[in-house]
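Take a look at the structure set out below.
The values are calculated or read from the model by the stated rules, or taken from the named source; none is laboratory data. Nothing here was measured: the structure is a model prediction, and the numbers come from that model. All Cβ positions, even for glycine, are placed from backbone atoms using ideal geometry, and neighbour counts span all protein chains on display.
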Amino acid sequence: MDTKNKGFNSKLIHAGAYEDAKGSAVNPIYQTSTFKFRNADHGARCFSGEEKGFIYTRLGNPTIEELENAVAELENGVGALAVASGMAAVNTVYLTVLSQGDHMISHSSVYGPSRGIMEKLYPKYGVESTYVDCTDLSNIEKAIKPNTKLIYLETPANPTMGITDIAAASELAHKHNILVCVDNTFCSPYLQKPLDLGADIVLHSMTKFINGHADIVGGIVIAKTAEMFSELKYVMTNMGFNMDPHQAWLTRRGLKTLAIRIDRAQQNAIEVANYLEKHPKVDWILFPGLKSHPQHELAKKQMKGPGAMISFGVKGGLEAGKIVMDNVHLAMLAVSLGGIETLIQHPASMTHSKLSKEARETAGISDGLVRLSIGIEDVEDIIADLDHALSLV
Ligand code: LCS
């Protein structure tokens, strides 16, 4: 079915679907590594691109393609590439856009390994980077050099919830012939569409909201132009970053409920944030839906809703935060985010522990920062759980 002119929820259910020859309502899992050619000429035409046909699962597979087409449509891109993890998506972009001698600019607080690998591995290949507070556009402008090729944004940022103006950053970048990639993991296309705001590439860790059920690891890269799509595809297929068909099938199933899951998790998060903001033992809180968030107005403009991620600090710093993390029962003490279950974690010792203490501090990732990913449980239970843990501080 052509879903181009349908609403977002209809696209979530139907976008990318094949007309299966056997009439199955749900696209099957094509659990195969390779595909038969009708004859030698057919094989040659598939390889030359004269005829569209599946060849080998690293290069393409109907189950994976259904997911890719659906996410590309949801993000308003020309094409998407599903990969084995969010980090495979990040590296597909770095390897495609950056060459020896190039420079990239990014936000000081992004997912730890997205920064870690750029600062530790990529200098070996002659790529340099500058990490600044991108929520202030003048910092990006000051960091631009003649060899800057990429502005890599993550907004809201993990875990400081800093929000960068995608439209303004893209305008600035394009004046200098620089490409913009946005990691849209914290929002999903339901809450934010970076390509519509001017970005050139979008990526996700699909491990999070897109799949939403904490049962797969996956990533995806979405391109705005056919040229960029083909460059990304060259890197993805030849580096062997592809997703597995079974993972892709589970992810396509999870995607169907994206909007209703986010609606509910977000409503829960709004109530949890209001509760935490008033709690006498809570020192500070960062949630885009609160007026106290430094980029609250920008969040309202750029995002359809504040999402389901909250960072906060307990009075008494790290020791007090540990009491909360060790005494919640409904919320799981676990990394990852964006699933239907509420998770709590400590970025300084977990997701961002490989960054130097100095890098964490300048990025605003204090030792006392506790991160919550709010799930779709009953909000009264989530609040009661936090209330009990906070009462022990
Ligand atoms: N981008 C963002 C914004 C992320 O939060 C993560 C993972 C990735 C990329 C990488 O995705 P992966 O390879 O894990 O699928 N974030 C995690 C987190 O905050 N806790 O555990 C993983």
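General observations
- If you check 154, 171 for being over 24 Å from residue 83 (Cβ atoms), modelled with pLDDT of 95 or more and among the charged types (D, E, K, R), only one passes: 171.
- Of the residues making up region 210-221, those that are within 18 Å of residue 261 (Cα to Cα) and either among the aliphatic types (A, V, I, L, M) or within 10 Å of the ligand (Cβ to nearest atom) (or both) number 4.
- Filter result for residue 86 (in contact with a Gly (Cβ under 7 Å, 6 or more places away or on another chain), away from the ligand (no atom under 16 Å from the Cβ), in the same structural domain as residue 208 (by TED's automatic domain parsing) and at pLDDT 95 or above): no
- Taken over region 157-193, the criterion of being more than 29 Å from residue 256 (Cβ to Cβ), touching a strand residue (DSSP E or B) at 6+ places or on another chain (Cβ under 9 Å) and not in a loop (DSSP other than H, G, I, E, B) is satisfied by 169, 170, 172, 173, 174, 179, 180.
- Looking only at residues in region 85-113 that are in contact with a strand residue (DSSP E or B) (Cβ under 7 Å, 6 or more places away or on another chain) and among the small types (Gly, Ala, Ser), the one that is surrounded by the most Cβ atoms within 10 Å (Cβ to Cβ) is 89.
- Sub-7 Å Cβ pairs linking a first residue in region 213-238 that is within 18 Å of residue 199 (Cβ to Cβ) to a second residue that is among the hydroxyl-bearing types (Ser, Thr, Tyr) and within 16 Å of the ligand (Cβ to nearest atom), at least 6 apart or interchain, are 219/85; 219/205; 221/92; 232/92, ordered by first then second residue.
- Only one of the listed residues (310, 323) is more than 20 Å from residue 378 (Cβ to Cβ) and either within 16 Å of the ligand (Cβ to nearest atom) or surrounded by fewer than 19 Cβ atoms within 10 Å (Cβ to Cβ) (or both). That residue is 323.
- Unmet requirement for residue 339, which otherwise passes all of (1) crowded, with 22+ Cβ neighbours inside 10 Å; (2) touching a Leu at 6+ places or on another chain (Cβ under 9 Å): (2)
- Checklist (1) touching a Pro at 6+ places or on another chain (Cβ under 7 Å); (2) away from the ligand (no atom under 15 Å from the Cβ); (3) closer than 26 Å to residue 84 by Cβ applied to residue 179, failing item: (1)
- Where residue 337 falls short, out of the listed (1) free of Cβ contacts under 8 Å to residues at least 24 places away in the same chain; (2) within 20 Å of residue 209 (Cβ to Cβ); (3) within 16 Å of the ligand (Cβ to nearest atom): (1)
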